[in-house]
Each structure stands twice: as C-alpha cells, then as structure tokens.
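Below is one structure, written out as structure tokens; comments come after it.
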Amino acid sequence: MRDILLKAFHSLPGPVRSVAASMRGLYLRSWRYGPETDRLVEEALERETWTPDRWKTWQEERLAYVLHRAATEVPYYRAQWAARRRGGDKASWEHLENWPILEKESVRENPRAFVADDCDVRKMFREQTSGTTGKPMTLWWSLKTVRGWYALAEARWRRWHGVSRHDRWLMLGGQLVIPASQTKPPFWVWNQGLNQLYMSTYHLSPQLSKYYLDAIARYRPAYMMGYSSAMAALAQTVLESRRQDLRLTVATSNAEPLYDYQRSAITEAFQCPVRETYGMGEIVVHASECTGGRLHLWPEVGWVEIMDDGRIFADDRSGELVCTGLFNADMPFIRYRVGDRAKLQNGSSNCGCGRSLPEISRIEGRSNDVLIAPDGRRVYWINPVFYGLPVREAQIIQEESHRLRVRYVPATGWTHETKCSIIDRIRARMGAVEVGMEQVDAIPREVNGKFRAVVSKISTRNDIGRHVRNI
C-alpha cells in the first residue's frame, strides 16, 4: 500500500504534490502539537536548570517505573523473565544490571511484543526508522509521547537558537518527495501544514543545485534542518556561486555525524551557526548542541550506559552506547544497544550556556563500521582526516586490513597536495596501509537518503567482539 501511494503521489503535477504534502503536514501537526505544547516547552526549559542531584533522583524514579512496567506489562520482557524464573534465576528486575542487552534484530522481528498490554496500536502513531541497512524498524508512540517529544524538540532544537515551529523552515531529508527519474525542477515540495520547504537529497548535485538555491531565495526559510552531508553539498554550491542572499538564523544537522569541514562550509555559505543533534526514532537517547558548542544530553529521554566487552565504564572512556528509554514507556527498550560509540563528559556540566544538562564529549559513529588497522588496532575516530581540507563529501571504505579506498567529491581549492594530506593522515592513524583515492560526482546514498562515512567490509561482530544513529 505504501508503494502504491508513493507512486500515486509521484504521478501528480508539482503544485498538486505540494497540496498533498500540505495535507499530510496538517495531519502530522495535529499529532505533534496541541494546546499543551507551549506549557510542555516551558517546563522542558525550566528543567534545564535542575541540579545534577535532582536529575539523578528523577531518572532513578522514572527508571524504576519503566522497569516494573516492562517486566509485568510488556509481552517480550514478561516472557523473558518468566523463562528465567522457570530456570531458577531469582535476579530482581528492579536492578538494571540484571537485564540483558537488547539487540535491534529482536525488535525488528516482533515489534508488537514490545508494546505494553494496555496500549492499542490502532490508536497510536506508527513510526518507522529509516534503517541504515535497508531494514526499517516499526515503532508506536501514544499521542502523549508524540506531543511530549515534539515539545522537547521545540525547546532544544528551536528555542535555544531563536526560532520556532511557526517560522518557515527548510528540510533536507531522505523522503522521496520527488520521483528519482525527474530531471527538471521542482525538486522540492512546499508543506504548508508544517511551514516546511522539503527538498530532495536524491537530486542534489552540482548540476542541479542552482535550482535549489533559487527556491530557497524564493521561499525565504528562517532556518534549515537536515543531513549534514546534504547541507554541506548545498553550502558548497552557495560558496562557489558567491551568493550572499541566503542567510539563515541557524542550521541544524541530524541523522549523520557533523564534521568540521562541513560545519565550516555551512556556516560560511548561510552566514549562520550550525548546531548538531543526535538521536533516533527509538527514543532512548538524544542530545543537541547549545550556543556554547557543547552537545547536551536530554535526561528525560534515556538512561545512558557506556560499555565495552560487557563492562560498564564509570569514567570518561569511550565505548558502545547502551540505553534504556525513559520517555516512551508504552514501548520501552531496556538496555538497548544503539549501534554507535560515544564518550561522555564526566562530572557535572559547567557549560557557558548556563544549562545543567549532562554532556557528550563526542559521538564516534557506528560501532559496526570501525576500521581495523593491520596490527589489529580498532580505529573509531577517523573524521579528523578531512578537517580543514577542501572536500565536499567523502567516504572511507576498508576492503582489506591493509587496503582502504577513499571516495571523495572535491571542493574549490582541491589540489594534489590535498590528496597527499588525506593519505598521510590516514596512515598516521592506521599505519602502513594502501590508500586508493577515487573522485566521484557524489557519494552514493543508501535507501534512506544518507550515506555512511565509514564502510568496513572486514569488521563483523566476531571480528571486533561486539554485538553491535530524528525526526
């Protein structure tokens, strides 16, 4: 049915597609925002001044509620604990450390088993993750969860940076709003219901980007959200055309890592700050960047553990993110392996923005695409390879332990020395490896419209000893 509707949508003339998108936007707005929204936003902003002790107490109380509800009212967990009891396991479900790690495949196989008994999925909002491996995950949110979530986003994606949901905005995302075969503009739809100019990332190329810039100038959005790679590609077109009429209030990245070279290009092109966000549809962890440049966790969303090889780190070492959702108690995920690595900022926040929210030092990217050096070392943090260099976008592919390939789209200023710098920087981190450089017009996107910055064809679960990233 979804494919049939998409084909019907694509068959419409451009202006009619915008009407259809606006109707969908009105439907989404009715779910996301209500008379309680402004109150929820103010409450979220007020909580940002809570002391660490107050946050700890709140999280512990919420965690206890979620664990009890999951063990007694959620079919998947109830069956799991019943089986353990039959086997003589007397461990208490009240302690998080007694719960096993939850893998994504378990959720994909039977998502309904994770919905609490007192919930009717026919009356809930059905969400699907984009699925970085081509396998989306089905999720259900109650109306309360949806409105609470979008109130948090309103507070910490928009209010922090002087914009609101009432402003016009630009979205660069992975929805197929335009047929892939279309070669003439428009490559976008205007969604009146959400005040949103939604632009296709699938058509964004140096040859077509000028049409995007003209549309932005015509619609005049106040801010932009989207994949960092798409925003950076658009920014390079602005810089190369020397246009000065596309100034935004803020640009916010989601669903992909934000690299320094991308931030620099977007900032210069759109004459605005760029703020990073991190999170996922499963609503187990989320973070957003403040005006001080720090990435703050949203404590209401999840209980975060940093682990490696089954050990929990209490210090500021990096490791795998294992998170317990606190926000969506109707479909709770307990000790859910996110698939990314991160490093937390140890101790209380002393950020200049004045908020007491905890911080993430950095998101290191997907755990299952770690690079393996010839000597067996695992290299997680490879993006500094491109810092300060004229690169539009790039992807590192490891084909063997001693051989890597770099796909790159050069930006203005690219020279032979740029290529040599990338090779030297990779070898400084990986050792004596063979590095092939492959210039392309664009990095191929996956089914969700994104591309992975690092692709390993040799690192598997067994290779690295792990089971193994909006709206």
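A search for C-beta distances below 6 Å between a residue of region 67-86 that is among the basic types (Lys, Arg) and any residue that is at pLDDT 95 or above, counting only pairs 6+ apart in sequence or on different chains, returns Arg69/Ala329. Among the residues of region 197-241, those that are open to solvent by 20 Å² or more (accessible area, probe 1.4 Å), outside any loop (DSSP other than H, G, I, E, B) and out of contact with any Lys or Arg (no Cβ under 9 Å at 6 or more places or on another chain) comprise Tyr198, Lys210, Asp214, Arg218, Leu239, Glu240. Is it true that Leu389 is open to solvent by 10 Å² or more (accessible area, probe 1.4 Å), farther than 22 Å from Thr201 by Cα, out of contact with any Leu (no Cβ under 6 Å at 6 or more places or on another chain) and not in a helix (DSSP H, G or I)? It is true that Leu389 is open to solvent by 10 Å² or more (accessible area, probe 1.4 Å), farther than 22 Å from Thr201 by Cα, out of contact with any Leu (no Cβ under 6 Å at 6 or more places or on another chain) and not in a helix (DSSP H, G or I). The condition of being of a type outside the set (Asp, Glu), open to solvent by 40 Å² or more (accessible area, probe 1.4 Å) and modelled with pLDDT under 90 holds for only one of Pro257, Pro185, that being Pro257.
If the condition is being of a type outside the set (Gly, Ala, Ser) and closer than 16 Å to Phe125 by Cβ, then region 6-35 contributes Arg24, Leu26, Tyr27, Leu28, Arg29, Trp31, Arg32, Tyr33. Among the residues making up region 291-320, those that are surrounded by fewer than 20 Cβ atoms within 10 Å (Cβ to Cβ) and among the small types (Gly, Ala, Ser) are Gly292, Gly293, Gly310, Ala314, Ser318. Candidates Ala428, Ala432: the one that is at negative phi, in a loop (DSSP other than H, G, I, E, B), modelled with pLDDT under 90 and open to solvent by 60 Å² or more (accessible area, probe 1.4 Å) is Ala432.
The sole residue among Ala251, Ala287, Ala255, Ala329 that is among the small types (Gly, Ala, Ser) and farther than 22 Å from Val146 by Cα is Ala251.
Among the residues of region 248-263, the ones that are under 15 Å from Leu295 (Cβ atoms) and part of a helix (DSSP H, G or I) come to 2 in all. Restricting attention to region 409-425, the residues that are part of a strand (DSSP E or B) and open to solvent by 10 Å² or more (accessible area, probe 1.4 Å) add up to 1. Filtering region 435-471 to residues that are loosely packed, with under 15 Cβ neighbours inside 10 Å, modelled with pLDDT of 80 or more and of a type in the set (Gly, Ala, Ser) leaves only Gly436.
Beta carbons closer than 7 Å, at least 6 apart along the sequence or on distinct chains, pair a first residue in region 283-294 that is under 13 Å from Val322 (Cα atoms) and in a loop (DSSP other than H, G, I, E, B) with a second that is aromatic (Phe, Trp, Tyr) and open to solvent by 10 Å² or more (accessible area, probe 1.4 Å) for Ile283/Phe327.
Any residue in region 294-301 that is more than 16 Å from the chain's Cα centre (by Cα), at pLDDT 95 or above and not acidic (Asp, Glu)? Yes, region 294-301 contains a residue that is more than 16 Å from the chain's Cα centre (by Cα), at pLDDT 95 or above and not acidic (Asp, Glu).
In region 400-417, the residues that are closer than 16 Å to Ala235 by Cβ form Cβ pairs under 7 Å with partners that are open to solvent by 30 Å² or more (accessible area, probe 1.4 Å) and assigned to a strand (DSSP E or B), at six or more places apart or across chains, as follows: Pro410/Gln439.
The set of residues in region 264-278 that are outside any strand (DSSP E or B) and crowded, with 21+ Cβ neighbours inside 10 Å comprises Ala265, Ile266, Ala269, Phe270.
Restricting Arg78, Arg85, Arg112 to residues that are open to solvent by 60 Å² or more (accessible area, probe 1.4 Å) and either polar (S, T, N, Q) or touching a strand residue (DSSP E or B) at 6+ places or on another chain (Cβ under 9 Å) (or both) narrows the list to Arg112.
Let's see how each residue does on (1) under 30 Å from Trp99 (Cβ atoms); (2) at pLDDT below 95; (3) over 26 Å from the mean Cα position of the chain (by Cα); (4) not aromatic (Phe, Trp, Tyr):
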residue	(1), (2), (3), (4)
Gly34	no, no, no, yes
Glu43	yes, no, no, yes
Glu46	no, no, no, yes
Asp53	yes, yes, yes, yes
Gln59	yes, no, no, yes
Leu63	yes, no, no, yes
Thr72	yes, no, yes, yes
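Conditions (1) of a type outside the set (S, T, N, Q); (2) buried (at least 19 other Cβ atoms within 10 Å of the Cβ); (3) out of contact with any helix residue (DSSP H, G or I) (no Cβ under 8 Å at 6 or more places or on another chain); (4) modelled with pLDDT under 90, marked per residue:
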position: Val322; (1), (2), (3), (4): yes, yes, yes, no
position: Ile334; (1), (2), (3), (4): yes, yes, no, no
position: Arg341; (1), (2), (3), (4): yes, yes, no, yes
position: Gln345; (1), (2), (3), (4): no, no, yes, yes
position: Ile363; (1), (2), (3), (4): yes, yes, yes, yes
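Within region 48-65, none of the residues are in a helix (DSSP H, G or I), farther than 27 Å from Arg156 by Cα, out of contact with any Leu (no Cβ under 7 Å at 6 or more places or on another chain) and open to solvent by 70 Å² or more (accessible area, probe 1.4 Å).
The values are calculated or read from the model by the stated rules, or taken from the named source; none is laboratory data. The structure displayed is predicted, hence computed values, not measured ones. Every residue, glycine as well, gets a Cβ built from its backbone with ideal geometry; the counts of neighbours run over all protein chains shown. Please note that ligands, DNA and RNA were not included when accessible areas were found on the heavy atoms of the full protein model with its side chains. Shrake-Rupley method; radii C 1.70, N 1.55, O 1.52, S 1.80 Å.
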